[in-house]
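*Asks:* Right, I'll just put the structure down here and ask away after.
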Amino acid sequence: MNASANNTPLCYSLRSPPFKYLPNIASAYYSSIFGTLGLISNLIAFIVLLKSFQRTQSRSRSFFLIFLGGLVVTDFMGLLVTGSIVISFHVTHFNWRKLDPNCHFCNFMGMSMVFYGLCPLLLGAAMAVERFIGINRPFARSTSMPKKRTVSMVLMVWLIAGSISMLPITGIGSYHMQIPGSWCFLNISSDGNDMAFSLLFSLVGLICIAVSFLLNTVSVVTLIKVCCGQNRHQRRRDHEVEMMVQLILIMVIASICWCPLLVFIAQTVLSGSHVQVKYLLLWIRFATWNQILDPWVYILFRRSVLQRIYPRLNWSRGSIMTFPHAWKGGCWRFPEENI
């Protein structure tokens, strides 16, 4: 990814700054406000998760919290790295060709966009797999499984996403400057390796969402059967229900935020049409919301928070197994668990 025949670096060969399209002042405010909001939200979520992890006595919940911690760290770093570059451009309007004549900085941002884009989707799928095994095959997961193995799974997800993001360095795909000049991203094109890399990025993301949807659906059905079946007092399921609620919300947010961009990339590449800049910018902003909304799932959707919001609910200690009989006095009465 060095230079083309006319000595123009590859990342500027299609779109070279400065562009005639100039971002308005709203772009700077949008990037600054939502970047700051996302960083603060993820920082709060990390503190909440850390306290919950220290207090939890459930092995399965501790595994789940490790995955959530990895997701929070990924979202935080994604906003910090990419947001810093975008906001700096809107404030200073620096010229990429002068600042980064060899495309190193542009390639770094492109890799960051792909890495921090794929990580939440891959982690969501990994969390769905972990919950599926924990709920549907509880004896398949050894009770003595160390927490280090869960950490290793998070690291493996980061390694996979990092390996995919580095493919353009090996010649499979390429990163290019994008209008309005504030960011770099993969080249969405139907030509050769760019097509392969674009489809890979899109398909990996869509497959992760599909796997999450399938496994989470099966897990929810299993929980309903256990909670409402004759053997509903066999195992405590209260913490598992809470984890499934959080995981489903994470999946819904990821689907809404990422599917438009992933489908847009695949459709553009397969149809051989030119990229429509206004739609690309719109769907990228949609995807950014995923990193902002994710942490609020962990902050708000906990029983300790819901108890304060709905004090009428009877959060007495017990098992969610009594859920079918919990409708009393016109409201649901759920059990409490230390989290």
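Only the coordinates and a few stated rules stand behind these numbers; no lab work does. Note that the structure is predicted; figures quoted are calculated from it, not measured. Cβ coordinates were reconstructed from backbone atoms using ideal geometry, including for glycine residues, and neighbour counts include every protein chain displayed.
*Asks:* Which cross-chain or sequence-distant (5 or more) residues have an amide H under 5 Å from the amide H of GLY181, H modelled 1.01 Å from N in plane?
*Replies:* Placed amide hydrogens put nothing under 5 Å from GLY181.
*Asks:* Turning to a different aspect of this structure: Give the peptides 214-223, 200-209 in descending order of average Cβ contacts within 10 Å, highest first.
*Replies:* Final packing ranking: 200-209, 214-223.
*Asks:* Starting at the first residue of segment 211-226, write each ³J(HN,Hα) from the Karplus equation 6.51 cos²θ - 1.76 cosθ + 1.60 with θ = phi - 60°, in whole Hz, x for Gly and Pro.
*Replies:* 4, 4, 5, 5, 5, 5, 4, 4, 5, 5, 4, 4, 4, 4, 5, 5
*Asks:* Distance between the C-alpha centers of segment 158-181 and segment 236-271? Whole Å please.
*Replies:* The two parts, judged by their Cα centres, are 23 Å apart.
*Asks:* Turning to a different aspect of this structure: Listed highest first by mean packing, meaning other Cβ atoms within 10 Å per residue, what order do 125-134, 175-184 come in?
*Replies:* Ranked by mean Cβ neighbours within 10 Å, highest first: 175-184, 125-134.
*Asks:* Per the Kirkwood formula on distinct C-alpha pairs, the Rh of segment 72-130 is how many angstrom?
*Replies:* That comes to 12.9 Å for segment 72-130.
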